[in-house]
1. Taking amide H atoms as placed 1.01 Å from N in the peptide plane, list the residues 5 or more away in sequence, or in a different chain, whose amide H sits under 5 Å from that of A:E300.
2. Taking every DSSP beta bridge with both residues inside the protein assembly as shown, roughly what % is antiparallel (nearest 5)?
3. Taking the label point as lying 7 angstrom from Cα along the Cα-to-Cβ axis, what are the distances from B:K197 to the corresponding position in the remaining copies, in ascending order and in nanometres?
4. Residue by residue through B:218-225, how many Cβ atoms from other chains fall within 10 Å of the Cβ on average?
5. Just checking the output field for B:264-276: average partner chain Cβ neighbours within 10 Å of each residue's Cβ?
6. Under 1.5 on a/c is rounded, so check that first for the protein assembly as shown, then, if it is not, pick prolate when a/b is larger than b/c and oblate when it is not; a ≥ b ≥ c are the square roots of the alpha carbon gyration tensor eigenvalues.
7. Hey, rough spin-label estimate for A:D285 and A:D178, points 7 angstrom out along Cα→Cβ, what's it come to in nanometres?
8. Can you list the distances in nanometres, one decimal and ascending, from the A:A330 label point to the identical position in each other copy, with the point 7 Å along Cα to Cβ?
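Readers should treat all values here as calculations from the given coordinates under stated rules, not as data from a laboratory. These figures come from a predicted structure and were not determined experimentally. Note that we place each Cβ from the backbone using ideal geometry, even for glycine, and neighbour counts take in every protein chain shown.
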There are 2 protein chains.
Amino acid sequence: MNHEIHLVKRPEAAPTHEHFEMVESEKPEPGEGEVLVKMLYVSVDPYMRGRMNDTKSYIAPFELNAPIEGGAIAEVTHSKASHLSEGDIITGMLPWKEYAVAKADSLRKIDPSLGPVTTSLGVLGMPGLTAYFGLMDIGQPKEGETIVVSGAAGAVGTTVVQIGKIVGCRVVGIAGSDEKTSYLKDELGVDETINYKKENVYEALQKACPDGIDVYFDNVGGDISDAVYPQLNKFARITQCGAIASYNVPNDQGPRMQMHLIKSSALIKGFTVGDYQDRFKEGFDELSKWLKEGRLTYEETVVEGFENIPDAFFGLFEGSNLGKQLVKVAEPSHSS
Amino acid sequence: MNHEIHLVKRPEAAPTHEHFEMVESEKPEPGEGEVLVKMLYVSVDPYMRGRMNDTKSYIAPFELNAPIEGGAIAEVTHSKASHLSEGDIITGMLPWKEYAVAKADSLRKIDPSLGPVTTSLGVLGMPGLTAYFGLMDIGQPKEGETIVVSGAAGAVGTTVVQIGKIVGCRVVGIAGSDEKTSYLKDELGVDETINYKKENVYEALQKACPDGIDVYFDNVGGDISDAVYPQLNKFARITQCGAIASYNVPNDQGPRMQMHLIKSSALIKGFTVGDYQDRFKEGFDELSKWLKEGRLTYEETVVEGFENIPDAFFGLFEGSNLGKQLVKVAEPSHSS
């Protein structure tokens, strides 16, 4: 017997169990060029919330009464494709199913010599590349500048703060618990941290950024960003990576910020990692090198059990995760 | 007897007569390297509102109980500087005084062969350069793209829409009266216009921009911009030139827009014309050439009388001006 998790209702605000349903199904059969895979790890990511709305975006909305689809790691259990074999560990966009069929061309075989397979959903996957291109291409950090990172303890944020240190910047990380700020400071070498649940972010930023803010890597939007905008230096760059504070708030309102951009001749650029598809190899190579050299590390928060995917997803909006949030669905049948 | 107009109180919201005072003074004496000038034209510009607040910005706030300072055209009536002579017509930043002393080095002699002297406060001056660099450098318009311009009938907007046509774009202009939209369409060749006081801007944009919006030159911010953000094309560029809708609204609130930037991988860049100081000659040469070729034209709204400068300034926030708003203070003593 197979299980799938479907989106059955579009959330207006925060997603809850009423919007999802676990459904029993048959194990599917792969066709020519396809493989049957057994899900090992599922990635839950804040951007997926956007696909639950029925609005035009850079990526099509999820269909109702069909499985959610997202980044995952799986093991090939039956192959009808020439370049994948039983036992191969692959990553790709897969439906939330314990067993799924996928076109072999849409999957990437993981090279386990590069690190634990889960890194392909984190520091060596979409979140790592998001951090790399968002910071380097949009943020354009220069040695000695001050970078502020919101959502600093998440999968993307933890990578951004470390790249910020690698390129010689003063890095200030904003996160939502003392456990997270301690991790950022003690393990990742972040210069100053702010616990936004305890501190006045505007005042804490004034103290943490005596020379102003040159680069703001924004994962959250909302009132944390409101506190950043007035403190931007001339020609500041803002990487608009996410806006998780707004995802569950219909018609979210806040102070208009155009005047701050004019005053500081600042730039904001939104992006999604797919914009950099042509340069993925560059980013992957840099991240792999730093990881191998020990200059880059990562953290994972792992929830166990296929049925717990929705809870792990909800947790993203409560900040339950330190580093990359994963759901472990099964052990590989073959050791890898 | 000389007259000056002072800022005597900082406006919290809209500026009114209570914030200004006309003061009598002595005609000043120029020192070595200085000239005495007679004011001919005073420029009133929306950005000046920002200098009336006591907040850090790209330019220092105006002092209280001292004359406002702004762009102006004046005639040299007494020179103690080698390179300026009595009768020369100059432009520069001057205090709101009928007669003022200025350092000759801070003034630029106007070449009357390039056009009427007033163009040095408009199409061949700060507003023209603002339009040129904001559109060309930030907007990066490509032939066939759609440009939306808010505040399209103002000094900057009228130049932006024409440059947009010169570079081969579809241009949509938003303005606040039928007189203005007719001018934009009939005189400047704008493809589609929207009267924001009569029309639902969101719906009118949908109709006017069937292929979406590639470039948004924003002079106004506020709810006009709110209507633009959801209609941006992938990789759209927004030139944040002004935000006049917010200047008189303390803590102006509106829908948060970060999600729109992410969805469309769009860029917003604030700027002030001073950012392009090193390239002024390039802009000036291009604008002069287009003007000479008849590809660029301009409009002026002229109020008469030194004492009416504040009213002309207030009018900017009510949209009283078509094209460049000027105040004519006096005739030149010598014909130029």
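1. A:K324
2. Working: 72 of 124 bridges.
Around 60 percent of the beta bridges assigned by DSSP in the protein assembly as shown are antiparallel ones.
3. 5.1
4. Details: counts 3, 0, 1, 6, 2, 1, 0, 2.
That works out to 2 on average.
5. On the way: counts 6, 8, 5, 7, 10, 9, 15, 7, 5, 0, 1, 3, 0.
What the average comes to for B:264-276 is 6.
6. Judged from the Cα gyration tensor, the protein assembly as shown comes out prolate (a/c at least 1.5, a/b above b/c).
7. 4.6
8. 9.1
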